[in-house]
Structures are given as structure tokens and as C-alpha cells.
Amino acid sequence: MSGPSLRNIVVIDGHPDSDPSRYVHALAQRYAAGAEESGHAVRRLAVGDMAFPLITDRKTWEGEDLPPAIREAQEAITWAEHLLIIYPLWLGDMPAQLKGFFEQVLRPGFAFDPNASDRFPRKRLKGRTARIVVTMGMPAFVYRAFYHAHSVRSLERNILSFVGIRPVRRVLIGSVEGRPSARERWLDALHAWGVAGA
């Protein structure tokens with residue numbers, strides 16, 4: 001019986017605080033460790049360590065003058081077959097720095113082609129899959145049932161699917177300040193997904 005096929009994986013750690021004690025960083029590291037132990041090739045993008053400005057006008061968004069960190073991120077995503085995107089829920093959404101990262105990276109000409117003759121822009125990142133992992137203080141079922149996981153659905157539908165990244169799996173980790181045993185179980189789960197390249 002053969003094991004999982006080996007993949008090129010990019011881990012996008014979207015926590016804007018580079019403090020290594022943050023739980024998101026530990027989860028990202030466990031996933032990457034599992035993937036590397038299993039033979040997958042892994043590149044890591046730590047958004048909190050990147051220097052780039054927010055895009056504030058259309059001319060910049062459509063331009064070709066990229067910050068070096070963004071150019072490197074585009075190269076990594078081009079190389080990737082699978083993305084792990086992990087971030088904390090802040091005010092019901094992804095942190096502003098991670099949203100700014102996506103706006104910088106997923107520009108026209110790289111992530112989609114707005115000049116295609118089709119009715120909708122051509123998706124340029126087809127053939128890639130993703131897993132979204134979101135941590136939060138509230139119980140995950142509250143975010144699903146009451147808030148309908150709106151920010152995660154928006155990331156999946158309005159950003160990743162728009163550029164051709166699919167299928168996308170999502171994992172919500174709630175009550176992160178709770179029992180240490182639950183935190184360890186999630187670390188083990190991330191490690192297992194990394195081993196599987198999923």
C-alpha cells in the first residue's frame with residue numbers, strides 16, 4: 001500500500017504578531033514539521049515578518065512594481081500545489097495585515113487575467129488546493145451557527161475560488177484559551193494533516 005503522493009506545500013502563517021508564543025505559529029510549525037517528515041517540500045510565508053505597504057489605489061494594484069516580499073510570495077505560490085492558510089479571528093475577520101497580503105499577492109496578471117475574452121476573469125491559480133485553519137476565542141460552534149463563519153466563507157469563495165484555488169477545506173479551532181489538552185489535540189491534528197499533505 002503506497003503512502004500519500006508528495007506535494008509542494010506553502011504554509012501561510014497569517015498572524016501579524018511575530019511573537020513565537022502565539023498559538024497560530026505553533027500550529028503552523030506542527031503542520032510544516034509533519035509535511036517535511038513525510039517528504040513533502042515546504043515553503044513558509046510568515047506574514048508578520050513581511051514588509052509591504054497596503055494598496056490604496058488602482059494604479060498600484062495593477063502595476064508591476066512589487067515589494068520584494070510580495071514577489072517572493074508569488075514565486076512560492078506559483079511553485080505550490082497546496083496551501084495551508086492559518087490565522088486568528090480578529091473582530092470577526094482575518095487580521096488586516098493578512099488581508100493586505102492577499103491584496104498585494106493576488107494581483108491581476110498573476111492570480112487572474114482580467115483581459116480574458118470570457119465573461120469572467122480567467123483564473124490563473126487552478127490546480128492548487130488549500131486548507132484554511134482559523135483560531136478564535138469563542139467556541140467554534142457559535143461562530144458557525146450565529147455568525148455563519150462569514151469571513152472564512154468570504155476567503156474561500158471571494159478570494160481563493162476567484163483565482164482558481166479549490167477545493168478548500170476549512171477548520172475552525174474555538175476556545176483557544178481553554179484546556180491545554182485540547183490545544184495539544186489540535187497540534188496533533190495539524191501534524192497529521194501535514195503528514196498527509198492535506
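The values are calculated or read from the model by the stated rules, or taken from the named source; none is laboratory data. Bear in mind the structure is a predicted one, so any value in this text is a computation, not a measurement. Virtual Cβ from ideal backbone geometry, glycine too; neighbours counted across all protein chains shown. Accessible surface areas use protein heavy atoms only, side chains included; no ligands, DNA or RNA. Shrake-Rupley method; radii C 1.70, N 1.55, O 1.52, S 1.80 Å.
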Return a whole-number percent for the relative contact order of the chain, with Cα pairs under 8 Å and 6 or more residues apart as the contact set.
29
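Rolling a 1.4 angstrom probe over the protein heavy atoms, how many square angstrom per residue are accessible across segment 55-198?
With all protein chains present, segment 55-198 gives 54 Å² per residue.
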How large is ³J(HN,Hα) for each residue in segment 82-95, as worked out from phi by the Karplus curve 6.51 cos²θ - 1.76 cosθ + 1.60 (θ = phi - 60°), to whole Hz, x for Gly and Pro?
8, 10, 9, 10, 10, 7, x, 7, 10, 6, x, 8, 6, x
Value of Rg to Rh for segment 1-131 (Rh from inverse mean 1/r over Cα pairs, i.e. Kirkwood):
0.99
Hey, what's segment 1-52 come to in accessible area per residue, 1.4 Å probe, Å²?
49
If amide hydrogens are placed 1.01 Å from N in the peptide plane, which non-local residues have theirs closer than 5 Å to the one on residue 112?
124
In order over segment 48-62: 3J(HN,Hα) from phi, Karplus 6.51/-1.76/1.60, θ = phi - 60°, whole Hz, x for each Gly or Pro, gives x, 9, 8, 10, 7, x, 6, 7, 10, 8, 5, 4, 5, 4, 8
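Taking the Cβ-Cβ separation of residue 141 and residue 36 as r and a Förster radius of 35 Å, what is the calculated FRET efficiency to the nearest 0.05?
It comes to 0.60.
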What's the center-to-center distance, using Cα atoms, between segment 42-84 and segment 125-198 in Å?
21
GluC sites (Glu not before Pro) within segment 90-189, DSSP loop, no more than 15 other Cβ atoms inside 10 Å:
177
Calculate what fraction, in whole %, of the accessible area of the chain sits on carbon and sulfur atoms when a 1.4 Å probe is rolled over the protein chains.
52
Calc'd 3J(HN,Hα), segment 10-22, phi into Karplus 6.51 cos²θ - 1.76 cosθ + 1.60 (θ = phi - 60°), Hz, glycine/Pro = x, comes to 10, 9, 9, 8, x, 6, x, 8, 7, 4, x, 7, 5
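Mind putting a number on the dipole of the chain about its Cα centre? Charges go on the C-beta only, +1 for Lys and Arg and -1 for Asp and Glu, and I need it in Debye to the nearest 20.
Result for the chain is approximately 760 debye, rounded to the nearest 20.
May I ask for the longest run of the chain untouched by trypsin sites (Lys or Arg not before Pro) that are loop-located per DSSP and have at most 11 neighbouring C-beta atoms (other than their own) within 10 Å? Please list the in-between numbers first.
Values: sites that count: 119, 126.
Of all site-free stretches, the longest is 1-118.
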Would you check the accessible area of residue 60, probe 1.4 Å, heavy atoms only, in square angstrom rounded to 10?
60
